[in-house]
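Below: the structure, in structure tokens.
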Amino acid sequence: MAETVKVDRRDAKLALAYIYVAFIALGLGGLAGLLQTLVRSGKFTLPANISYYTILTTHGVLLGLVLTTFFIIGFQFAAISRTAGTFSSRARFFGWVGFWLMTIGTAVTAFFILTGQASVLYTFYAPLQAHPGFYIGLTLVVVGSWISGFSMFTHYARWKKAHPGEVGPLLSFMAVVNMVLWLVCSLGVAATVLIQLLPWSLGLVDRVNVLVSRTLFWYFGHPLVYFWLLPAYMIWYAIIPKIIGGKIFSDSLARLSFILFLLFSIPVGFHHQLMEPGIDPFWKYVQVVLTFMVVIPSLMTAFSMFATFEMYGRSQGAVGLFGWLRKLPWGDARFFAPFVGMVFFIPAGAGGLVNASHQLDQVVHNTIWVTGHFHLTLATTVVLTFFGGAYWLIPHLSGRMMTKAMNRLAIIQTIVWAVGMCFMSGAMHFAGLLGAPRRSAFSTYANSPQALEWIPYQIVQAVGGTILFIGIILVLVIVTNLAFFAPKGETEFPVAEVAEQAERTPLAFENWKLWIGITVVLILLAYTIPFIDMIQNAPPGSKGYKLW
Ligand code: HAS
Ligand code: CU
């Protein structure tokens, strides 16, 4: 089969549109983050009566929801076009419809946040309430992403039809799994927004069942973090081997890990609600067990990455246990940034295991430790991998080339990021162990005696935050250069081949009915009885279906 080596220009334009919005969100959201760390250091107060929670919401929504979703969808459009061929004009048209709905939705949401009418944090569950416009904006973002997802599905189905009996190209397959995951989980957030929060905010009902709203949010919120992680894994599995000059260790193992993510990502939301009353401990226990199941595909990924690096190193004559490390292309930012992301994922994942263990979570829940955790996972592992991806993806799409100087700047950017994050996230973990609360304005605890213990860490946090903000400026300089100013030329969209000794990929991976079927069964198993409990035991005064 002849491979489409270059992404079609029309598909490239679509992918770039998404990626531009992602990086604009990074600039604005990053600025809000800097302000937060400064406020928390106790040395700075926000001007003009701006609320800490407004800034916090801006930061979380722009970086956690907008940067990620836009970058991921743009990247996936490009990856599918590259590996399964150019989109039909119809499918591409729906890609644009998705883009505009998401962009308009983001603008509406941002307006209500910035005007202080939606300081509800990025999780926005009850009892915090926002202006209806905030929920309407978010709904547009989600609906837009669904339309983009369907555009990807139809394109993949067309490829399958044209290639009966073949397994789909790895990157396209992975993108489709990620979009299925997204679709199934975002039904939860759509339900709480449309059935509970929007009617409540419009004044149509006067109360909502808070536990149901939090549960529906976390049904979505946990798979959301894997929706962020999987595109990073796409880059690790299918692109990094090519960049270092090696091969994919095993195509089947990569697909299996993605399928396991689909199955086990969703029925685990209770690990965010371990401290909440109203959920039977048995069901928390079931979901903790499933949480530990979803660690397995990450361990498989670690194994696979080590194998890829080692196989390549040995093919270059490396000897000894870690001799292969010396053979890796350290001077290539396309490799270096994601690699640093991988290294950070080792302590980040360990922190996740702490959180998932019910007893240990009692120590860290709602402390700034958790914030430290997701700044390692999302803001380092995933984001550094996205940056590393942007260093070839953007010039490939814009028809330009990364210069040596930009590559050097990207290496510096990665180091700045790693150092800044060690300070910031490290301080967050320590302060969290001492009980420093997350999501609390400095003024709410400044006079408490414990604050004296926390403040030194919060100053270190601010130092880290400042270094990270410099990192954001650097990456924006690089990205702008690659999109608009770098010399014109051809940049490769690297896609790795599978190692010769790997087993043939079984067709069973394409049995979507089976995988989606098991996913649904697991969700029903993990959630049906707890949901019935929540609704039957809704607080007094509830009426109707007791969702409010
Ligand atoms: Fe988490 C809270 C549990 C992974 C994001 N998490 C959060 C929140 C976010 C988040 C945003 O159980 C806060 C939500 C909020 O606002 O309240 N998390 C886990 C577990 C994992 C995990 C078990 N989280 C992630 C990822 C995220 C993310 C990934 C974003 C992308 N998390 C929790 C829990 C909470 C939580 C509780 C709630 C806490 C509370 O109390 O509120 C696991 O998936 C982690 C598995 C990962 C590993 C690491 C494998 C290592 C690899 C790297 C290999 C390196 C190589 C290079 C090859 C086991 C793959 C090596 C080279 C060398 C030279 C060394
Ligand atoms: Cu989670």
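List Met275, Met174, Met305, Met293 from most exposed to least, where exposure is judged by having the fewest other Cβ atoms within 10 Å. Each step should come with its number before you reach the end.
Working: Met275 12, Met174 27, Met305 20, Met293 16.
Fewest-to-most Cβ neighbours within 10 Å comes out as Met275, Met293, Met305, Met174.
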Sequence-distant residues sharing a close amide H with Ile248 (under 5 Å, placed H): Glu497, Val498, Ala499
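Note down, for the range 468-508, the three equivalent ellipsoid semi-axes (square root of 5 times each alpha carbon gyration tensor eigenvalue), biggest first, whole angstrom. Spell out each step's value before the answer.
Numbers: eigenvalues 280, 56, 15 Å².
Over the Cα atoms of the range 468-508, the ellipsoid semi-axes are 37, 17, 9 Å.
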Helical contribution to [θ] at 222 nm, DSSP H n ≥ 4, -39,500 (n - 2.57), averaged over the chain, rounded to 500: -22500 deg cm²/dmol
Crossing angle, helix 251-264 versus the chain [Cα axis fit, 0-90 degrees, rounded to tens]: 10
Alpha carbon centroid spacing (whole Å) that separates the range 254-290 from the range 90-108: 32
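Arranged from highest to lowest average of other beta-carbon atoms within 10 Å per residue, in what order do the peptides 105-111, 332-338 appear?
The most tightly packed comes first, giving 332-338, 105-111.
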For the range 453-489 versus the range 332-398, the gap between their alpha-carbon centres in whole angstrom: 16
Amide proton proximity set for Thr367, modelled H, under 5 Å, gap of 5+: Arg438
Using alpha-carbon coordinates, inclination of helix 333-356 to the longest axis of the chain, degrees: 40
Eligible lysines near Lys242 by straight Cα distance, threshold 17 Å, same-chain separation 8 or greater: Lys6, Lys327
Qualifying chymotrypsin sites (Phe, Trp or Tyr not before Pro) for the range 143-218 [loop in DSSP, other Cβ within 10 Å: at most 12]: none
Overall form of the range 138-282 per C-alpha gyration tensor (a/c, 1.5; a/b vs b/c): prolate
The chain - charge dipole about Cα centre, Lys and Arg +1 at Cβ, Asp and Glu -1, debye rounded to 20: 860
Straight-distance crosslink candidates among lysines, where the alpha carbon sits under 17 Å from Lys161 and sequence neighbours closer than 8 are dropped: Lys513
Folded to 0 to 90 degrees: helix 512-536 orientation relative to the chain principal axis, Cα: 10
P(r) of the range 9-542 over all Cα-Cα pairs, binned every 20 Å from zero, in whole percent: 22, 59, 19, 0
For the range 121-135, 3J(HN,Hα) per residue [Karplus equation, 6.51 cos²θ - 1.76 cosθ + 1.60, θ = phi - 60°, Hz, x = Gly/Pro]: 6, 6, 8, 6, 8, 4, x, 5, 10, 10, 4, x, x, 4, 5
Size-normalised alpha-carbon gyration radius of the range 237-394, reference 2.2 N^0.38 Å: 1.19
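All of the numbers you see were taken from the coordinates with simple rules; none came from a lab. What you are looking at is a predicted structure, and each value in this text was computed from that prediction instead of being measured. So basically every Cβ, Gly included, is an ideal-geometry build from the backbone, and we count neighbours across all protein chains shown.
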